[in-house]
Amino acid sequence: MSEYTDLLPQPITGTSGRLAGYLNWRFVVQIARAQSDAVLGTMVLGQDALQTLQWADVTEDCHGITVTRGAEAGSRPGAGRLSFWLDNESGEYDPTTSIYNGPGTLVRIFLGPPGTATPLVTTLTVSWNEATAAIGRSRWVSVVAYETITLLNEVNNPALSPVGAGETTLARMSRIMDEADWQFGLDIAYDGMPGASGPWWGWGLQETTLAGDLLTEAYRAVDSTGLVLRSARNGALFVCERDLGFVAGSESIGWNVPVVADSITTANDDDRLIGQVAVSRVGGSLVTYYGTGIAGRYQKRSTQRTDLITEAQAGNVDLKRYADLVLAQGKQTYRVESLELQSADGAPVWELVNAMDVGTRCNVISQRTATSGVAFFDYIICGFTITIEPLNENTINFTATLQTDVADSTSSYSTFGATWDVSTWDNGKW
């Protein structure tokens, strides 16, 4: 059983961390340590296994927190990054004090009410660097951590005899996890999500030798069935649709969720346009698919991919699914790229930041004047950066910069005037 099996699901309590400044919510930073801590000289650093882990609350010493997850538009979600610094005047966080003051230590951050079991992010430390400890000067430790999925990039075992012909994407992920001695579990999101009834969850994959790093192997499996792989907020591997749907009550950023004034950034360029995609499986023939209207206005713009690993599906529906997803992301010139939220703007911002994830769908309302603006429909949040800083014992301040991307359901923008009314929408559309 994984050392993390009992650790990861543990919720925060009413005494964890500090009050956040909204309702009874808590802000909590925790690191995983042994119950009976071990110091250098009592075990072999880098060899002896982690044992009897429990969460240690380091919130009061934690400052300068930045969480980045997802990716820029047009890129797959990578390993999220967490950085912060710890006040180390007491020397508690010296590398010589504990073997857990260093790389490999699990770190997670919460923002929510007591009983919350899903953190904002769960990461593994990659660096734990001391500041110069001159006499009379402040001492601190600078910490950088990445989401757990980055571990798959570190595993490159010798090739196996070919295995796994016909297994589904989830079965392939299980095989990859076994090969990686994965400790953090697997989450799946398809029930009730966009595309939930799609057959691609059951499509068979070609056999594999698991040659090369396992992250590349995993990406090839999910790409071939049009799915997404990333770290879940709780540290598990997460296989899901690219579009995870709306967060209830927070559909319209800039309308019922306030944005920082003038922070909505748009682009109007041809950087993302794709009108032709040629696709093949390994060992198969290329099949070409076209996006409506792109070539007629913007001339020919094409790409190809030849390494998909599905077994052949009737009518090449597997190749078409991949091509359709690429073409959908390449159909917009005028589009939203980013926007900014801040905690001072109240409850809707707190609720959205707590609930959103990479893939959450939203509408973006850009108010130009008191009586006019532009509405962009059915975008997805493809990435975000959240910076958090305690203000006092009972309040934190945060800002969130959200990056957005088009989805297959993204519709053209609509301008509106003084008579515009959100209540006239039907599921976020006119």
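Any read-out appearing in this document is the output of simple, stated calculations on the displayed coordinates, not a laboratory observation. Everything quoted here is computed from the prediction, not taken from an experiment. When we count neighbours, we look across all protein chains shown, and the Cβ atoms used for this are built from the backbone with ideal geometry, even at glycine.
The table below gives the values:
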{"read-out": "Length added when fully stretched, GLU311-GLN299, from 0.36 nm per residue minus Cα-Cα", "value": "1.0 nm"}
{"read-out": "For the range 253-331, with +1 on Lys and Arg beta carbons and -1 on Asp and Glu, the positive-most of ALA267, VAL257, LEU319 along the dipole", "value": "LEU319"}
{"read-out": "Sum of side-chain charges, GLY78 neighbourhood, beta-carbon under 12 Å (Lys, Arg +1; Asp, Glu -1)", "value": "+2"}
{"read-out": "For THR122, distant residues with modelled amide H under 5 Å away", "value": "GLY235"}
{"read-out": "With at most 13 other Cβ atoms within 10 Å, longest stretch of the chain clear of loop trypsin sites (Lys or Arg not before Pro) (DSSP)", "value": "138-299"}
{"read-out": "Computed magnitude of the charge dipole of the chain (debye, nearest 20; Cβ of K, R +1, Cβ of D, E -1)", "value": "1160"}
{"read-out": "GNM result for the chain, Cα springs below 10 Å: residue of ASN363, ASN397, ASN234 fluctuating most strongly", "value": "ASN397"}
{"read-out": "Cα-based shape type of the range 155-240, given that a ≥ b ≥ c are square roots of the gyration tensor eigenvalues and the cut on a/c is 1.5", "value": "oblate"}
{"read-out": "Amide proton proximity set for GLU337, modelled H, under 5 Å, gap of 5+", "value": "THR265, THR266, ALA267"}
{"read-out": "Karplus-derived 3J(HN,Hα), 6.51/-1.76/1.60, for each residue of the range 82-92, Hz, glycine and proline x", "value": "10, 9, 6, 10, 10, 5, 10, 4, 7, x, 4"}
{"read-out": "Tensor-based shape of the range 71-123 (alpha-carbon gyration tensor, a/c under 1.5 rounded, otherwise prolate or oblate)", "value": "oblate"}
{"read-out": "Sorted by Cβ density within 10 Å, fewest first, the residues LEU7, LEU205", "value": "LEU7, LEU205"}
{"read-out": "At least 30 Å along the helix axis (C-alpha) and Kyte average at least 1.6, DSSP helices within the chain", "value": "none"}
{"read-out": "GLU167 long-range amide H proximity, modeled H, under 5 Å", "value": "LEU205"}
{"read-out": "Residue exposure sequence - GLU60, GLU154 - by fewest surrounding Cβ within 10 Å", "value": "GLU154, GLU60"}
{"read-out": "Sum of -39500 (n - 2.57) over DSSP H runs of 4+, divided by residues of the chain (222 nm, nearest 500)", "value": "-3500 deg cm²/dmol"}
{"read-out": "Burial ordering of THR5, THR148, THR125, fewest other beta-carbon atoms within 10 Å first", "value": "THR5, THR125, THR148"}
{"read-out": "Rounded to whole Hz, the Karplus (6.51, -1.76, 1.60) HN-Hα couplings of the range 282-297, x for glycine and proline", "value": "4, x, x, 9, 5, 10, 9, 10, 10, x, 5, x, 5, 5, x, 9"}
{"read-out": "Highest-MSF residue in the chain out of GLY202, GLY70, GLY383 [GNM, Cα springs under 10 Å]", "value": "GLY202"}
{"read-out": "Relative contact order of the chain, defined on C-alpha pairs under 8 angstrom at six or more residues apart (%)", "value": "16"}
{"read-out": "Under the Karplus curve 6.51 cos²θ - 1.76 cosθ + 1.60, θ = phi - 60°, whole-Hz ³J(HN,Hα) for the range 305-314, x wherever Gly or Pro sits", "value": "8, 10, 10, 5, 10, 5, 6, 4, 10, 4"}
{"read-out": "Computed magnitude of the charge dipole of the range 276-329 (debye, nearest 20; Cβ of K, R +1, Cβ of D, E -1)", "value": "280"}
{"read-out": "Correct choice for Rg/Rh (Cα atoms, Kirkwood Rh) that was computed from the model, options (1) 1.21; (2) 0.95; (3) 0.99", "value": "(3)"}
{"read-out": "Rounded Å value of the spacing that divides the Cα centres of the range 353-408 and the range 215-284", "value": "15"}
{"read-out": "Whole-angstrom gap from the range 141-172 to the range 2-35, using each part's C-alpha centre", "value": "27"}
{"read-out": "Fluctuation leader among LEU120, LEU215, LEU391 - the chain, Gaussian network, Cα springs under 10 angstrom", "value": "LEU391"}
